[in-house]
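This report concerns only the one structure given below.
Just so it is clear, none of the values below were taken in a lab; they were calculated from the coordinates. Worth saying up front: this structure is predicted, and the values here are computed from it rather than measured. Note that we place each Cβ from the backbone using ideal geometry, even for glycine, and neighbour counts take in every protein chain shown.
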Amino acid sequence: MNLELKEIKLRQTYQAINVKMSTPGDSLNHLYNDVINSVNSEQFPNVLAEILKVPLNSPFPTKGISKIEKNYAVKLEKESYFSADLNCYWSSIAGIISRIIKGRIGGYSQEASEILQTSFFESHEAYSSFKEASKEFDDVYNEFIVFEKAKMLGLIYISLIKYTSSI
């Protein structure tokens, strides 16, 4: 029995010597280095930081849009899809911004640039009659402002990419 205890102690000592210490700090260092490398590889970190500040995840302003549709029912055509058109327009902007954030805008930059350059009222002329009246509806107007800011930052980012690739 004495021999067995010595063998067990020897095995434990051998295992303790050969175990590599892996602390939580080691795994956090690896993650930290990955984050630093991805930030350092970003071409335009200031513009991307501004893009990340834009709150594109707020709820769709259904109450304001319902009020617009109700108040302007006479000006809107019977087959009007104002809510759907606005949702589609904002979704396309959010999708482009998402591609920029994920770093997957490269091959899509020309198309994205064209989408970001057209305004909602240019692409949907039927709604241009109440362009100014949208300021009366705070939630809808605030969302317009947020998405216009996102559009401008997206255009700046794409323009910078195009400019650096042409040099």
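Observations on the structure shown:
- Debye, to nearest 20: dipole size of the stretch 42-165, +1 on Lys, Arg Cβ, -1 on Asp, Glu Cβ: 280 debye
- Environment charge of I145, counting only residues whose C-beta is closer than 13 Å and scoring Lys/Arg +1, Asp/Glu -1: -1
- Entries of K135/K162; K102/K131; K67/K151; K63/K162; K102/K151 with Cα pairs more than 28 Å apart: K135/K162; K102/K131; K63/K162
- Length-normalised contact order of the stretch 42-165 in % [C-alpha pairs under 8 Å, at least 6 apart]: 44 percent
- Sparse-neighbour loop sites [trypsin sites (Lys or Arg not before Pro); the stretch 116-167; at most 16 other C-beta within 10 Å; DSSP]: K131
- Potential lengthening of the chain between K6 and F121 amounts to 32.9 nm, from the contour at 0.36 nm per residue minus the alpha-carbon distance.
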